[in-house]
Each structure stands twice: as structure tokens, then as C-alpha cells.
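The values are calculated or read from the model by the stated rules, or taken from the named source; none is laboratory data. Quick caveat: nothing in here was measured; it's all calculated off a predicted structure. Using ideal geometry, Cβ is built from the backbone for each residue, glycine included, and neighbour counts are taken over all protein chains shown. These accessible areas exclude ligands, DNA and RNA; they are computed on the full protein's heavy atoms, side chains included. Shrake-Rupley method; radii C 1.70, N 1.55, O 1.52, S 1.80 Å.
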Amino acid sequence: MEFPARLCSFVYVSYLLLFSSASSSIAATSDYCNDKVSLELYYESLCPYCANFIVNYLVHLFDDDLISIVDLRLVPYGNARVGRNGSITCQHGPAECLLNTVEACAINAWPELDGHFPFIYCIESLAYKRKYTQWESCFEKLGLDPKPINDCYSTDLGNKLELKYAAETDNLQPPHNYVPWVVVDGKPLYEDYENFINYICEAYRGPILPSACRTPSISVI
């Protein structure tokens, strides 16, 4: 059975240049108001459609000033399954479980968006190029200390973080049917997730509309 286009279904089967400016954009932005639009991405590493979305679509949050109105949360778990003993089995095998845990550890170690997103973006860029085994090179590329991540995924903390994301993902209402599963202000976008910026611009109720929402390429719903 084939995956639907741009999706990783429940069926089990056995840059730095670009992001350097995006990272600066994260740090430079400020809130227009306290009512940010929530954007949640439920995904799994090694899902080609998730990697494509993060690398080629989600990164555009950092164009212009759009990130200033968005509260972005990443939930790296996806279509994995929790066994009776608390062990986790992943759709794309042990390598996916490792990278899901590594990315969960990054969110825990560097909770601010400008701390964990560049690292996750780096890993997913490698996954997109099918070079995910080189993921540890992201520490050097970004000048990050690997110790907090290594300590996390090699101990029980990493598994606890993944179990937390498992509970959140498995309790989604409506339930997720595939990944990437993109949710804007509590509403899943289903297969229209690549147009997430349109939904963000439509949902925003602040006083100043970001320039990214006023460009000809954005058609507000």
C-alpha cells in the first residue's frame, strides 16, 4: 500500500545557509500582541512528507515578521505505538525512534524556539536528503553542546518525553489520521496543511497584520 501524496499514513512499513537568516529572524522578532495564533505540528522523523514540510514550508514562518504572531509547537512522535511495557515502536524503525527522541530532548533542553528549531531543522534537512545518519553533525554546524541531548536520549528522560508526546498525540480530537498533522488554533488543516500560512493570517486578530500576510502570494481564506 502506497502512502498518499505528501502524507505518512498509519500503515507500518519495514543549510545552514538558509537557516542562518531564519535563526536571526527568530531572535529579532517581537510580539504584536499577546494573542498569537497557535500552530502545532505533529510529526515523525524519517517521514519524507514531514521533512519536506519542515524544510520547504514551515521554515517560511521566519520570512518577514510572520513568526511574531505565531506560537509554534513541535510534537515529534507521529504514528509510533506504545507497548504495554512502555516501549515505543516507530513506523520507520529504530532510527526514527532515536531521532524522535533526540528532537524531543532538544525541545526539553532548549525550550525557546530559537534554541530547538534550528537543531530540528538541521536534522530534518539531513533526513530530507536521506543523510539522517549524519545528524550529530548538526551540533558542530550550529555550535551546540551535545551533552544535554546525549544525556537525555541515553537515559530514561528521553523515553519519558516521548511517552508524554505519545499521550498528547493519541488524545488529539479529532484523532490524527496521518502525519504531518498541522493544527492552527485547535483546528486540523487535514490535507490542506501546506497552505498553513493562509490559515494563520485568517486566524490572527491582532492590530497589525504582518507583511507576510499582505503579499500577493497570500490569499486569505
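Ignoring aspartates and glutamates fewer than eight residues from Lys129 along the same chain, the ones with Cα atoms less than 19 angstrom from its Cα are Glu44, Glu96, Glu103, Glu140.
Rounded to the nearest 20 debye, what is the charge dipole size of the stretch 37-201 about its Cα centre when +1 sits on each Lys and Arg Cβ and -1 on each Asp and Glu Cβ?
With Lys and Arg at +1 and Asp and Glu at -1, about 600 debye.
Counting only lysines at least 8 places from Lys36 when in the same chain, those with an alpha carbon closer than 30 Å to its own are Lys160, Lys164, Lys187.
The residues of the stretch 37-201 expose on average 41 square angstrom of accessible surface per residue, using a 1.4 Å probe on protein heavy atoms. Evaluating 6.51 cos²θ - 1.76 cosθ + 1.60 at θ = phi - 60° for every residue in the stretch 124-135, the Karplus couplings come out as 5, 5, 5, 4, 4, 8, 6, 10, 5, 5, 8, 4 Hz, glycine and proline recorded as x.
3J(HN,Hα) along the stretch 78-93: x, 9, 5, 9, 9, x, 4, 8, x, 6, 10, 10, 10, 4, 9, x Hz, from the Karplus curve 6.51 cos²θ - 1.76 cosθ + 1.60 with θ = phi - 60°, whole Hz, x for Gly and Pro. The calculated FRET efficiency for the pair Asp156 and Asp35, based on their C-beta separation and a Förster distance of 30 Å, comes to about 0.20. With the convex hull constructed from alpha-carbon coordinates only, the stretch 37-201 shows a mean projected area of 9.1 nm² over all directions.
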